[in-house]
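Some notes on the structure that comes next.
Values in this text are rule-based calculations from the coordinates and carry no lab data. Being a predicted model, the structure only gives us computed values, none of them experimental. Cβ coordinates were reconstructed from backbone atoms using ideal geometry, including for glycine residues, and neighbour counts include every protein chain displayed.
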Amino acid sequence: MSSEITTTNPYNGTHIKSYTQFSKAMLESYLDQAEKTFETWKHLEIPERTKLLKKLSKNLIKNKQIYSELMTQEMGKPISQSKSEIEKCAYLVDFFAKNADQFLADELIETDAMESFISYDPLGCILGVMPWNYPFWQVLRFAIPTITAGNTILLKHASNVTGCALAIQDLFEDSGFPKGCFQTLIVNHEQIDQIIADPRIKAVSLTGSEKAGKHIAEVAGKNLKKLVLELGGNNACVVLDDANLEKHIDTIVNARMQNTGQSCIAAKRFIVVETIYEEFLQKFKAEVEAIIVGDPMEEATQLSVLAREDLAEILNKQVNDSIKKGAKTLIGNKKDKAYFEPTILTHVKPGMPVFDDETFGPVAAIIKVKNNEEAYKTASNSKFGLGTMVFTENIKEARKHILQIEDGAFFINELVKSDPRLPFGGTKTSGFGRELSIEGIHEFVNKKTVYINL
C-alpha cells in the first residue's frame, strides 16, 4: 500500500495537499531517466547549458509571487522574505550563467608533456537531500552549479515543502532543461539509504542536522560515494567593547531573527564585552520588541510561526532546560502551537542547551564576558564551525583573529550570509565540503589529469 505525505500550513493548520510516495518501480524509472539524460547532457557545450540558466532566471522572477506564496504557505516564512529568497536565487543563477564557462575551462599545466591539463568532467547523477527552511535557495545553490557542471540531479526535499520541490522540477523543465536533468523524489527516509547505495548515484549533498549528516555520511562512506555536508551551527556574534551599536544593531538583531530564526548560519550566541553589555542589552531588547509579528502572508510581517509545531516544542525544551541551569528570561519564552515568541536569555553559560546546541528559532542567548580576549575564546568554544561575526571599529585587530576562529566563515561588521561569489560551508560538526563560487562547481566533478605527448 502506498503511503502519503501531507503538507500543512503551520500558521493556520489547514491542509494544503497530499502526495503519494513513490513505489519501487517509480523510483527505478526516475533513476533510469537520470542516468540516460546524463549520457547526453554531459556532452552539451557549457554555453548551451548557460543559455538555459538565463531562461531559468527569468522564469524565477516571472513566477516570484507564485513561488513566494507557496513557500509561505508550506513553511510559514514571511512573504516579504520569501520574495527576497526568489530574488537571491535569480542572482545565483545569473552568477553561474556568467562564470561557469570560465570555472569549468580546462586548466593548462606546464609539464614535460607536449600538452597537459586538468579536465573538469561531470560525475553523473547526484542526490541532493535538502531542508525546509529555505525551500528554493537551499536546493538551487546546490543544483545550479552541479547541473551546470554537466551532472543530473535527484532531489529528496523535506516532506513539509513537497509543493516547492515539485515546483522546482517544473521550473527546470519549463526553462528547457531536458527531462531527467532535475527530478524530485517523493520518498521516505528509509528509501534514501537504498538510493545512495544504487550504483547510478555518484555522490550526495546534504544540508540538514548533525544527526542526519552523520547517518548520511555513514551510508555514503559504506558505499564509497563523494559527499558534501552542510550541517547545523550555533554561530557566535561577538560584540567587542568598541562596537558601533548605533550603526550595527539592526544587522545584529536580523542576524538572529531573520527567517523566524530558522537558519543554520544565524547568530545564536551573542558574546558581549561587559563594558558595552548594558547598552547592548537595552538596544537589542528594544529592536526585538519592535519586530512586527503576525500572519506570514502580510507584507508587513517580519516574524511568524516556525515551520512545524514539533519544532516549537523542541525549542521550548531547550530554553526551559537552560533556565533550569541558571539562564534568565529577559523577554519572551511563550509558545502557542507552531509560534514561539521572540526570546532573549541572559546569564547564559557553557553547559546550557542554548550555548552548546543549535537553537532553530527566535531565541537569542546573551553571554557577558570580561574583555575582547575572553570574547574570542568563548566564540571558539563550540563543536560547530559554520561562521562567526565580529562587531568592532578596530578592523586591524580583528584581522589578527581570523586564524583563531576555525569556522568556515569570519565576518566583520556584518552578519554571516551566503553569497554566490564566495565559498560556503563549515568545519567540525558543521560538516565539510563547499557550495557556491568556483569551489562549489568543482565539488561534483572529476578533476581529470590529461597528459599528451607525440
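222 nm [θ] for the chain, helices only, -39500 (n - 2.57) per DSSP H run of 4+, per residue, to 500?
On the way: 15 runs with 186 residues, N = 454.
Result for the chain: -13000 deg cm²/dmol, rounded to the nearest 500.
Step through the residues of segment 4-15 one at a time and calculate ³J(HN,Hα) from phi using the Karplus curve (6.51 cos²θ - 1.76 cosθ + 1.60, θ = phi - 60°), rounding each to whole Hz and writing x for Gly and Pro.
10, 10, 10, 9, 9, 6, x, 7, 10, x, 7, 6
Restricting to Cα atoms and excluding each atom paired with itself, what does the Kirkwood estimate give for segment 42-112 in Å? Could you put the intermediate results ahead of the total?
Numbers: mean 1/r = 0.0712 Å⁻¹.
Taking the inverse mean of 1/r over all distinct Cα pairs, segment 42-112 comes out at 14.0 Å.
Where does each of 115-125, 164-174, 302-312 land if you order them by average Cβ count within 10 Å, highest first?
On the way: 115-125: 17.9, 164-174: 19.6, 302-312: 21.3.
The peptides rank, most packed first, as 302-312, 164-174, 115-125.
Just for the chain, what percent of DSSP beta bridges are antiparallel, to the closest 5? Spell out each step's value before the answer.
On the way: 23 of 62 bridges.
For the chain, the DSSP antiparallel bridge percentage is about 35.
Based on Cα positions only, what radius of gyration and what Dmax would you give for the chain, in angstroms?
22.6, 76
I need the trypsin sites (Lys or Arg not before Pro) found in segment 31-122, filtered to DSSP loop residues with at most 16 other beta carbons within 10 Å of theirs.
Details: sites: K36, K42, R49, K51, K54, K55, K58, K62, K64, K83, K88, K98; in loops: K42.
Within segment 31-122, the qualifying trypsin sites (Lys or Arg not before Pro) (loop, at most 16 other Cβ atoms within 10 Å) are K42.
Could you give the length gained on full extension between E110 and R399, defined as 0.36 nm per residue of separation minus the Cα-Cα distance, in nm? List each step's numbers first, then the result.
Details: separation 289, 0.36 × 289 = 104.04 nm, distance 3.57 nm.
So the extension gain works out to 100.5 nm.
How far apart, in nanometres, would the label points at E39 and E246 be if each is projected 7 angstrom from Cα along the Cα-to-Cβ direction?
It is 6.9 nm.
Compute the relative contact order of segment 225-274 as a whole-number percentage, counting only Cα pairs closer than 8 Å that sit 6 or more residues apart in sequence. Display every interim value, and only then the final one.
Values: 48 pairs, mean separation 28.5, N = 50.
About 57 percent, as a whole number.
Checking the table K64/K88; K268/K417; K51/K179; K268/K317; K77/K214 against a 18 Å threshold on Cα-Cα, which pairs fail?
Result: K77/K214 exceed 18 Å.
Could you state the angle between the C-alpha long axis of helix 137-148 and the longest principal axis of the C-alpha atoms of the chain, as a value from 0 to 90 degrees rounded to the nearest 10?
Rounded to the nearest ten degrees, it is 30.
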